[in-house]
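Undergrad: Would you mind keeping the following structure in view while I ask a few things?
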2 protein chains.
Amino acid sequence: MARTKDPAVRALLLDRAAHMLRTRQPVTLRTLVAGTGVSTMAVYTYFGGMDGLWTALRQEGFTRLNGKLTAVTMTADPVRDLAALGAAYLANALESPDLYRVMFDAGFALEDAGAADETLHCLVRTVERAKARDRFREDVDPLELATQSWAIGHGLASLVATGPLPPEALAHGVPLLTALFTGAGDEPDRCRRSVARGWRRP
Amino acid sequence: MARTKDPAVRALLLDRAAHMLRTRQPVTLRTLVAGTGVSTMAVYTYFGGMDGLWTALRQEGFTRLNGKLTAVTMTADPVRDLAALGAAYLANALESPDLYRVMFDAGFALEDAGAADETLHCLVRTVERAKARDRFREDVDPLELATQSWAIGHGLASLVATGPLPPEALAHGVPLLTALFTGAGDEPDRCRRSVARGWRRP
DNA sequence: ATCAAAACATAGCAGCGCTATGTAATGTGG
DNA sequence: CCACATTACATAGCGCTGCTATGTTTTGAT
């Protein structure tokens, strides 16, 4: 009945936008399509405008983040895994800080919440595994502890990515997570070793 | 030798920008000066351009934040005070989330670091008071613990202010800070009570 | 084969930050 | 006290932005 959209064009624009973001080039409607052969209208047929492009980029960012998180090799030590997930989260944020900032800028909307939930759920499952192995107290709510872990990781990532703290500050993740997990019932010495082990292998 | 700048104009523009930010109106060069009687050039003579305005607004934000923090009444319980400072930090962030976002957006530069340092120093002093009262272990570095407290506060504030977490999530501050301070040597039950007390009175 | 609908190219609009230029105001040196 | 140098300020316009209106081409269903 009509022409169909070419998914390749959509991916092309998305990749190019991500690349321009990574190389610190200003991403504008015209600079984005320049040299690609497609016209400015493509942005509107595929994303409905620049806002739509940013939203799509945000979801792309969460997709990549989820990929990085699920790529973390799980071990028999879920507390280590939890720290490894935190390290992967921070590594991803600093690998492409511009994309990370897009993910959490003022344009964050309800439509993005789904992708963020998936990120959170990855942590929740690991907390549940830790509970199953009696590392945490029985009254620990996995969603709450996962959210708290996220807050710590995001706080560090945000402060480092935006400038106030130097990259070395990421080391604070170890004592922060250790304190949190110890507070959740894990045995202090064992917890510290688990976290330290998970932290240094992203 | 020449005309002198009128500080009132500078304050007028700054206040108006903050107000427009609070009321969700787009802050542009022309909308900012519209109705004030001053011309667009005023933004350049006083701030050197829109970037300078954002920087000034950032510093204004930190000044207000520092005002809120120093307004927190200190007690004989420095751990309570630490939690109260955290609560004040979060209250300030959610009171005017737009100004808060400006403070930590991508434009954060070295010139802003001074104002941020002052915020951090407020926490450092309280940690030192806690150490003086033997609430924390002797080997605790005040700057490190203060930075970690900041990371927790900022993580929560950022996730709530940008959307991923609902305002109720601010309650996570209590278990997070309690875990951190307990890990620093404070006695668990006493710590929890101190934090809870400081948290509910901003 | 026909036709409607979707994809796309082009041109132009209002708005953006910024700057060049001209004018008015003001503190200072003679 | 006055003239001058210097700064504050107003206006107009430039190049850019995202966006849309319009016309054309392509394409799939009937």
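Undergrad: Check off (1) in a helix (DSSP H, G or I); (2) more than 8 Å from chain B (Cβ to nearest Cβ); (3) surrounded by fewer than 22 Cβ atoms within 10 Å (Cβ to Cβ) for residue A:127 and give me the number that stays unchecked.
TA: (3)
Undergrad: For the stretch B:49-86, which residues satisfy the criterion of being within 16 Å of DNA strand D (Cβ to nearest atom) and surrounded by 19 or more Cβ atoms within 10 Å (Cβ to Cβ)? Steps first, please.
TA: The first filter runs over the stretch B:49-86 and keeps only residues within 16 Å of DNA strand D (Cβ to nearest atom), leaving B:49-53, B:56.
The one that is within 16 Å of DNA strand D (Cβ to nearest atom) and surrounded by 19 or more Cβ atoms within 10 Å (Cβ to Cβ): B:53.
Undergrad: Just one of (1) over 21 Å from the mean Cα position of the chain (by Cα); (2) at the interface with chain A (Cβ under 9 Å from one of its Cβ atoms) trips up residue B:180, so point out which.
TA: So residue B:180 meets the others, but not (1).
Undergrad: Next question, about the same structure. Filter the stretch B:14-42 down to the residues that are on the phi < 0 side of the Ramachandran plot and near DNA strand D (Cβ under 10 Å from one of its atoms) and list them by number. Walk me through it before giving the result.
TA: First, pick out the residues of the stretch B:14-42 that are on the phi < 0 side of the Ramachandran plot: B:14-23, B:25-34, B:36, B:38-42.
Result: B:29, B:30, B:33, B:36, B:38, B:39, B:40, B:41, B:42.
Undergrad: Only helices (runs of 4 or more DSSP H) wholly contained in the stretch B:1-110 count here; list those with 2 or more residues that are free of Cβ contacts under 8 Å to residues at least 40 places away in the same chain and more than 13 Å from DNA strand C (Cβ to nearest atom).
TA: It comes to B:7-22, B:50-70, B:78-95.
Undergrad: Just to check your reading of the model, which residue among A:168, A:138 is surrounded by fewer than 17 Cβ atoms within 10 Å (Cβ to Cβ), more than 7 Å from chain B (Cβ to nearest Cβ), over 16 Å from the mean Cα position of the chain (by Cα) and not in a helix (DSSP H, G or I)?
TA: Details: A:168 fails: not in a helix (DSSP H, G or I).
After ruling out the rest, the residue left standing is A:138.
Undergrad: Here is a follow-up. Check B:117, B:112 and return the single one that is within 13 Å of the chain's Cα centre (by Cα), crowded, with 18+ Cβ neighbours inside 10 Å and farther than 19 Å from residue A:181 by Cβ.
TA: Being within 13 Å of the chain's Cα centre (by Cα), crowded, with 18+ Cβ neighbours inside 10 Å and farther than 19 Å from residue A:181 by Cβ holds for just one of B:117, B:112, which is B:112.
Undergrad: Right, here's the next one. Among the residues of the stretch A:151-165, write down those that are part of a helix (DSSP H, G or I) and either free of Cβ contacts under 8 Å to residues at least 40 places away in the same chain or facing another protein chain (nearest Cβ under 7 Å) (or both). Show your work before the answer.
TA: So in the stretch A:151-165, the residues part of a helix (DSSP H, G or I) come out as A:151-162.
Within the stretch A:151-165, A:151, A:152, A:154, A:155, A:156, A:158, A:159, A:162 qualify.
Read the figures in this text as sums done on the coordinates, not as results from a lab. Being a predicted model, the structure only gives us computed values, none of them experimental. Positions of Cβ are backbone-derived with ideal geometry, glycine not excepted, and every protein chain shown enters the neighbour counts.
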